[in-house]
Amino acid sequence: MSSPAPRHSRRQALAIGALGVAAGSAALLPAATQTATAGSNPQAQEFADKTVLITGATSGIGEATARAMAAAGARVFFCGRRVQLGRKVEASIRSTGGEATYRRADVRNESEVRELVNACVKRYGRLDVAVNNAGIESPRAARLHEQSMADMESVWRTNAGGVFLGMKYELPQMLKQGGGVIVNTASISSEVGFATIAPYNSSKHAVASLTKVAALEYAADNIRVNAFAPGAVDTPMLRRAAEAFGVTYEQIAQDYPIKRIVRPEEMATVVMWLSSDRSSAVTGTDVDASGGYLTG
Ligand SMILES: NC(=O)c1ccc[n+]([C@@H]2O[C@H](COP(=O)([O-])OP(=O)(O)OC[C@H]3O[C@@H](n4cnc5c(N)ncnc54)[C@H](OP(=O)(O)O)[C@@H]3O)[C@@H](O)[C@H]2O)c1
């Protein structure tokens with residue numbers, strides 16, 4: 001008798017992971033990992049006097065990065081569309097002694113992105129690090145011939161267009177200053193194909209492409225441009241995707257060599273390494289931050 005067919009192919013399940021899963025997922029983490037990631041920061045104050053701009057920091061990976069950067073001494077300027085949440089994150093960071101400013105901006109809107117960068121420079125005087133992180137998942141699972149142009153354009157506009165517009169207005173400021181660092185949030189979906197999520201998968205391939213193009217164009221200007229590729233990170237996006245695909249965190253975790261869903265704070269440390277002088281020889285890469293999925 002043959003065994004029942006799995007409900008999801010490996011790459012479908014991973015696609016879900018590439019988008020995110022979460023609440024209560026701390027239970028999935030080995031105790032040692034929880035201790036290590038919640039513990040002291042050996043690079044404390046590494047970003048003192050640095051200005052860091054982050055798109056999409058009202059929740060998830062962006063929020064964790066904003067908190068970690070502020071804890072390391074950075075002046076953090078960040079956006080997202082949900083004003084109440086943005087103000088809450090800003091107040092929360094300030095209540096712990098960090099420096100952060102929220103400004104509402106939609107990364108699909110060119111003038112809002114331009115004004116976001118201008119306001120950051122006006123507020124803090126410069127721009128040292130830019131993290132282009134804002135992103136959305138595919139609205140629904142469907143094969144290509146069932147995808148709509150509206151869904152393709154919507155996801156491209158946010159995920160790829162947002163990264164393009166971010167860099168378009170961040171780079172001139174960095175050129176003026178004589179250098180800077182850009183980190184773009186890609187995905188394992190930027191490196192391999194996943195069935196049923198054409199809008200997201202193609203948008204993230206574009207993020208990897210834009211990262212490489214910019215890295216080559218500005219390497220001689222002392223500007224490094226890298227991306228990182230999360231797999232399954234415990235954020236609101238992953239929770240939404242897991243629910244939409246009808247899979248559990250446990251099922252998603254099985255698709256990754258490390259067999260667990262990672263925490264947003266673990267992505268923040270990758271961003272911080274790519275943003276710091278510790279990665280001074282690194283540009284044009286898409287760092288696998290998935291727990292080994294892209295290893296093969
Ligand atoms: N979680 C994962 O497993 C996973 C895996 C691979 C890659 N990623 C990538 O990681 C990034 C962050 O996602 P997340 O998992 O942290 O999910 P999330 O909690 O949903 O965060 C997404 C962030 O992007 C912002 N955003 C979305 N559309 C925007 C727009 N048009 N303008 C401005 N901000 C916008 C959201 O803020 P507002 O809603 O307030 O606008 C929010 O702050 C995304 O690029 C995602 O593709 C996540």
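Could you check how many residues of region 281-296 are assigned to a loop (DSSP other than H, G, I, E, B) and either open to solvent by less than 30 Å² (accessible area, probe 1.4 Å) or closer than 13 Å to ILE182 by Cβ (or both)? Matching residues across region 281-296 total 7. Of the residues making up region 190-223, just one is surrounded by fewer than 24 Cβ atoms within 10 Å (Cβ to Cβ) and basic (Lys, Arg), namely LYS212.
Of all residues in region 133-145, those that are more than 16 Å from PRO264 (Cβ to Cβ) have Cβ atoms under 7 Å from Cβ atoms of residues that are within 13 Å of the ligand (Cβ to nearest atom) and of a type in the set (Val, Ile, Thr), 6 or more apart or on another chain, in ILE136/VAL155; ILE136/THR158; SER138/VAL155; SER138/ILE197; ALA141/ILE197.
The values are calculated or read from the model by the stated rules, or taken from the named source; none is laboratory data. Since this is a predicted model, take the numbers as computed values, not measurements. Cβ coordinates were reconstructed from backbone atoms using ideal geometry, including for glycine residues, and neighbour counts include every protein chain displayed. With ligands, DNA and RNA removed, areas are computed over all heavy atoms of the protein, side chains included. Shrake-Rupley method; radii C 1.70, N 1.55, O 1.52, S 1.80 Å.
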